[in-house]
Amino acid sequence: MKKILVALLIEGIAAIALSLFMKYYIGMEEAILLLYIPFDLIGKGLRCLSLQSSIGNIIALIIYALLCLTPIFWLVFRKLRKQLNYSDILLPIISIYSFYMLFLFVNPNLMYRHVPELFMDESALSIVRLSLAIIFFTLVIGYLIIRMLTTLSQEKEENRMIFLCRRLQVLLYIISILYTFLLGYFSTFELFSQIDQRSFTTGTQMNQVYVLLSFVLKTVPVLFTIVTLVSGIVLLTTISTKHKQEEEVEAAKRMGMFSRRTAFLTVGCNIALNLFQLVFSSQLNDTSIVLNVSLAPLVISISAMILSGFFKETKELYEENEMII
C-alpha cells in the first residue's frame, strides 16, 4: 500500500508542477485547455515538417496516416487474436474522426468554419480546439468503458472471482490515478487563479484565507477517497492470493476504517466551509453558501464500507462452517 501511495504522491507533485508551468510559464488562462495541447503540438509539428521540403511533406503525411490509423491497426490485431467484441465498433469511428481532427489542427484556419462570424477571433479557435479534443477523449473513454463492461460479461476459463478482482483492481488504479491528477493539476490551477483574481480586488485578507481554506476543505475528502481506493486495491490483492484468511479480514477492516473517515470528513468539510462563510461574511467580498455535499467521495466510501462488511461476514461464516464440519 505504501508503494502505491508513494507513486501517487509523485504523480500529484508532477501534476502540481505541470499546473504551475502551464499557468505562469505558458500563460494558460483555463486549466481545461490542457486537453488540446498534445494535438496542437502534433499539428504544429506536422505543419512545420510539411513546409520544410517535399521529402518533409511526405514524411509528415506518413506520420499523419500512421497516427490516425492506429485504432484500425489495433482492430486488426484484435481480429487476428479473435478478441473482437461490441466495443470495437468504435475503433473505425475514432480513426475517421482522428483524420478530421488532426487535419484541422494542421490547418487551424479551417477551424473558423465552426465559429459564427461574430466571434471569429483567436480566442474562438481555443474553444474549437478544446471541443475537438473533448470529442476525441469522449470516443476513447467510451470505447474503454464499453470494452471493460463487455469483457466482464464474458466467461473465462480461469477462476471467475480472481478474474473479476483483477479487473476491478485495474479500474481502481485508473480512478486513483485520475483523481490524483485532477486534484494536483486542476485544483491547484484553480487555487492560484483565485488567488491572482482576489489579489487585485479590494477587501480584507480574509478573502485570501477563504480561498486557501476552501481549497483545503475540498482537498481533504478527495485525499481520503484516494486512500480508500488504494486500500480497496490492497483488499482485492488479498482476496486473489489469501482468500478467506486472516489477511483478507484485516484488509477489509482497514478499508472500512478509511471509508468511514472519508464519509465523515466529506460531510464535515462541507459544513465547515459554509459555517466559515457565515461567520466571516462581513469580511468576504463574495460568499456562496450552498448545500454542496461531494457525492463521489461519499458514494465511494459508503460502497467501500458495504464491501468491507461483506468480506468480514463472509470470513466469519466460513469459519463457522469449518467449526461445524
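Inside region 1-11, residues that are in contact with a Ser or Thr (Cβ under 8 Å, 6 or more places away or on another chain) and in a helix (DSSP H, G or I) make up a count of 3. Considering Met206, Met255, the condition of being surrounded by 17 or more Cβ atoms within 10 Å (Cβ to Cβ) and modelled with pLDDT under 85 is satisfied by Met255 alone.
Screening Tyr100, Tyr112, Tyr64 for residues that are touching a residue at least 40 places away in the same chain (Cβ under 8 Å) and either in the same structural domain as Met148 (by the TED database) or surrounded by 18 or more Cβ atoms within 10 Å (Cβ to Cβ) (or both) leaves exactly one candidate, Tyr64. Against the conditions (1) within 21 Å of Ile177 (Cα to Cα); (2) open to solvent by less than 70 Å² (accessible area, probe 1.4 Å), Lys2 satisfies every one except (2). A single member of Glu250, Glu246, Glu190, Glu155 is acidic (Asp, Glu) and modelled with pLDDT of 85 or more, and it is Glu190.
Pairing each residue of region 265-280 that is assigned by the TED database to the domain that holds Leu217 and open to solvent by 40 Å² or more (accessible area, probe 1.4 Å) with any residue that is at pLDDT 80 or above and small (Gly, Ala, Ser), provided the two are 6+ apart or on different chains, yields no C-beta distance under 8 Å. The single residue among Asn270, Asn285 that is outside any helix (DSSP H, G or I) and either modelled with pLDDT of 70 or more or over 22 Å from Leu8 (Cα atoms) (or both) turns out to be Asn285. Taking first residues from region 18-30 that are touching a residue at least 12 places away in the same chain (Cβ under 8 Å) and partners that are assigned to a loop (DSSP other than H, G, I, E, B), the Cβ contacts under 6 Å between residues at least 6 apart in sequence or on separate chains come to Met22/Met28.
Condition check ((1) farther than 30 Å from Ala17 by Cα; (2) out of contact with any His (no Cβ under 8 Å at 6 or more places or on another chain); (3) at pLDDT 75 or above; (4) of a type in the set (Phe, Trp, Tyr)) across all residues:
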position: Arg167; (1), (2), (3), (4): yes, yes, yes, no
position: Ile174; (1), (2), (3), (4): no, yes, yes, no
position: Gln194; (1), (2), (3), (4): no, yes, yes, no
position: Arg198; (1), (2), (3), (4): no, yes, no, no
position: Val234; (1), (2), (3), (4): no, yes, yes, no
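Selection of region 32-61 for residues being within 30 Å of the chain's Cα centre (by Cα) and either not β-branched (Val, Ile, Thr) or not assigned by the TED database to the domain that holds Phe137 (or both) yields Leu33, Leu34, Leu35, Tyr36, Pro38, Phe39, Asp40, Leu41, Gly43, Lys44, Gly45, Leu46.
I'd like the full set of residues that are within 26 Å of the chain's Cα centre (by Cα) and open to solvent by 80 Å² or more (accessible area, probe 1.4 Å), limited to region 74-92. If the condition is that a residue be within 26 Å of the chain's Cα centre (by Cα) and open to solvent by 80 Å² or more (accessible area, probe 1.4 Å), then Trp74, Tyr86, Ile89 are the ones that fit.
Residues in region 49-61 that are closer than 16 Å to Asn107 by Cα and open to solvent by 50 Å² or more (accessible area, probe 1.4 Å): Leu49, Leu51, Gln52, Asn57, Leu61. Pairing each residue of region 129-142 that is within 15 Å of Ile42 (Cβ to Cβ) with any residue that is aromatic (Phe, Trp, Tyr) and open to solvent by less than 70 Å² (accessible area, probe 1.4 Å), provided the two are 6+ apart or on different chains, yields C-beta distances under 7 Å for Arg129/Tyr36; Leu132/Tyr36; Ala133/Tyr36; Ala133/Phe39; Phe136/Tyr97. So how many residues does region 12-31 have that are of a type in the set (A, V, I, L, M, F, W, C), part of a helix (DSSP H, G or I) and open to solvent by 50 Å² or more (accessible area, probe 1.4 Å)? Final tally of qualifying residues: 7.
Would you mind finding the one in Leu46, Leu9 that is open to solvent by 30 Å² or more (accessible area, probe 1.4 Å) and at pLDDT 85 or above?
Details: Leu46 fails: open to solvent by 30 Å² or more (accessible area, probe 1.4 Å).
Checking each option against the conditions leaves just Leu9.
Tallying residues that are of a type in the set (Lys, Arg) and farther than 19 Å from Val234 by Cα within region 1-39 yields 1.
The values are calculated or read from the model by the stated rules, or taken from the named source; none is laboratory data. The model shown is predicted, which means the values in this text are computed figures rather than measured ones. Quick reminder, even Gly has a Cβ in these numbers, built from the backbone with ideal geometry, and neighbours come from all protein chains shown. Side chains are part of the model used for accessible areas, which takes the heavy atoms of the whole protein and leaves out ligands, DNA and RNA. Shrake-Rupley method; radii C 1.70, N 1.55, O 1.52, S 1.80 Å.
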